[in-house]
Amino acid sequence: MATKSLTEMREELAALQNQIAEAEQKGRAEAIEKIHALMHEFGLTQEDLVIKRKRGPNKKPAQPVKPKYQDPKTGATWSGRGRVPGWLAGKNRDKYLIQQ
């Protein structure tokens with residue numbers, strides 16, 4: 001079984017890369033023609049094709065959460081969200097609940 005030389009394989013690779021580039025160019029040109037035809041058919045402009053982003057915030061501003069736990073020694077509070085504070089970590093949280 002004859003093997004190809006490195007030079008022959010590089011030449012084949014270059015030829016294949018050229019074929020790929022030509023096919024991509026042809027595909028792009030056909031796609032652009034189709035897009036132009038559709039734009040003409042439906043009366044679309046470039047502005048119609050641009051994705052418009054809404055301005056401003058989509059949500060209401062975050063409302064502060066009422067504290068749920070309080071340290072009786074320091075008066076520090078925690079809402080129950082996020083990282084557990086050091087004064088409450090590893091302890092029974094029921095003892096620190098704020099009565100409402």
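The values are calculated or read from the model by the stated rules, or taken from the named source; none is laboratory data. It should be emphasised that the depicted structure is a prediction, and the values quoted were computed from it without experimental measurement. Counting neighbours? That spans all protein chains shown, and the Cβs are built from the backbone with ideal geometry, glycine included. Ligands, DNA and RNA are excluded from the accessible area calculation, which covers all protein heavy atoms including side chains. Shrake-Rupley method; radii C 1.70, N 1.55, O 1.52, S 1.80 Å.
Things worth noting here:
- Residues that are among the basic types (Lys, Arg) and modelled with pLDDT of 95 or more do occur in the range 19-29, at least one of them.
- Cβ separations smaller than 7 Å between residues 6+ apart or across chains give no pair from the range 13-35 residues that are surrounded by 10 or more Cβ atoms within 10 Å (Cβ to Cβ) to residues that are part of a helix (DSSP H, G or I).
- Test: residue in the range 37-52 that is aromatic (Phe, Trp, Tyr), part of a helix (DSSP H, G or I) and open to solvent by 100 Å² or more (accessible area, probe 1.4 Å): yes
- Residue within the range 86-95 that is part of a loop (DSSP other than H, G, I, E, B) and in contact with a strand residue (DSSP E or B) (Cβ under 8 Å, 6 or more places away or on another chain) present: yes
- Residues (in contact (Cβ under 8 Å) with a residue 12 or more places away in the chain and surrounded by 12 or more Cβ atoms within 10 Å (Cβ to Cβ)) located in the range 58-77: PRO67, LYS68, TYR69, GLN70, ASP71, THR77
- Among (1) surrounded by 10 or more Cβ atoms within 10 Å (Cβ to Cβ); (2) among the charged types (D, E, K, R); (3) in a loop (DSSP other than H, G, I, E, B) - the single one ARG55 does not satisfy: (1)
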